[in-house]
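Report on the following structure.
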Amino acid sequence: MKKHSGKNTHEPHQVKDAVKLVQSYPSAAITVDCVIFGFEENKLKVLLIKSDLEVYKEQYSLLGDIVQENEDLDDAAYRILKQRTGMNDVFLEQVKVFGNPDRHPGGRVITIAYCSLLNINHHELKIHDNDLDWYSVNGIKTMAFDHIDIVDVCHKWLQKRIQEHPLGFNLLPEKFSLRELQNLYEAILGVSLDRRNFRKKFASMDLLIDINEMEQDVPHRPGKLYKFNFEKYAKNKRKWVGIDF
């Protein structure tokens, strides 16, 4: 009686024509949407533009566009931001892909959200087409497409990031008070923080430099001014465990 080796003698099917294979896939457009958060006047704001689609007339949307056929996703994000705002000194980070089949009224469009957080006073908008401007995140009630959901997801991502890394210090003046620091975190986190507990947490991190100066010309009791010790943080960032409020 002939014994079987037990090995599978069937060769796996090999696809020879990769181009034909891809052409057989369902088609879907790919876009990028830039969620640019800014901090100004103790408010968290987001950069919005009026939609140019008639179905969304007078509604606002994020800064987005199609990804070109031979374009890298990151390159597309920076191109779109530059074309819409004139800004080319903004760091973008990819956050999430949104692919609900019904998210675009024109058909299947998959979008990749890129996010950034910047000091509005340090980044000038050089283009203002279609009412491009900064709008308070708390004031947004409705948006074109699913963009209000994208803003919400990116806001939650930002809230997590700002507790994991000291991103907020880049939004403050070089010299700042603890009041300004707390206002920043409250605006981004959307909560009221206990003053004593907040200051205690930052004091325990030992990353603030007391520069022996006081606030000037403020409508409240002047507070001490500090600087963030970026050099010390850079040396110890591997040990950084974040801020848990």
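The set of residues in region 51-75 being part of a loop (DSSP other than H, G, I, E, B), in contact (Cβ under 8 Å) with a residue 60 or more places away in the chain and surrounded by 13 or more Cβ atoms within 10 Å (Cβ to Cβ) consists of SER51, LEU53, GLN59, LEU62. Report yes if GLU231 is exposed (fewer than 12 other Cβ atoms within 10 Å of the Cβ), closer than 18 Å to LEU118 by Cβ and of a type in the set (Asp, Glu), otherwise no. No: the conditions fail for GLU231. Figure legend. Inter-residue proximity from region 12-30: first residues open to solvent by 80 Å² or more (accessible area, probe 1.4 Å), second residues not charged (D, E, K, R), beta-carbon distance below 9 Å, spacing 6+ or different chains. Indicated pairs: VAL15/LEU21; SER27/GLY107.
Take the residues of region 129-153 that are part of a helix (DSSP H, G or I) and without any contact (Cβ under 8 Å) to a residue 12 or more places away in the chain: which is farthest from LEU62 (Cα to Cα)? Working first, answer last.
Filtering region 129-153 for residues part of a helix (DSSP H, G or I) gives 129-131, 137-139, 147-153.
Next cut, without any contact (Cβ under 8 Å) to a residue 12 or more places away in the chain only: 139, 148, 152.
Working: GLY139: 15, ILE148: 9, ASP152: 12 Å.
Filtering region 129-153 for residues that are part of a helix (DSSP H, G or I) and without any contact (Cβ under 8 Å) to a residue 12 or more places away in the chain, the one farthest from LEU62 (Cα to Cα) comes out as GLY139.
(1) open to solvent by less than 40 Å² (accessible area, probe 1.4 Å); (2) modelled with pLDDT of 90 or more: which one isn't true of GLY190, the others all being true? Single failed check for GLY190: (1). Filtering region 76-103 to residues that are surrounded by fewer than 18 Cβ atoms within 10 Å (Cβ to Cβ), under 22 Å from PRO26 (Cβ atoms) and not acidic (Asp, Glu) leaves LYS96, VAL97, GLY99, ASN100, PRO101, ARG103.
Whether any residue in region 182-189 is of a type in the set (Gly, Ala, Ser), outside any helix (DSSP H, G or I) and either over 25 Å from LEU44 (Cα atoms) or out of contact with any His (no Cβ under 7 Å at 6 or more places or on another chain) (or both) is what I want to check.
No, region 182-189 has no match at all.
The values are calculated or read from the model by the stated rules, or taken from the named source; none is laboratory data. Nothing here was measured: the structure is a model prediction, and the numbers come from that model. We place every Cβ from the backbone using ideal geometry, glycine too, and count neighbours over all the protein chains shown. Only protein heavy atoms, including side chains, enter the accessible area calculation; ligands, DNA and RNA are left aside. Shrake-Rupley method; radii C 1.70, N 1.55, O 1.52, S 1.80 Å.
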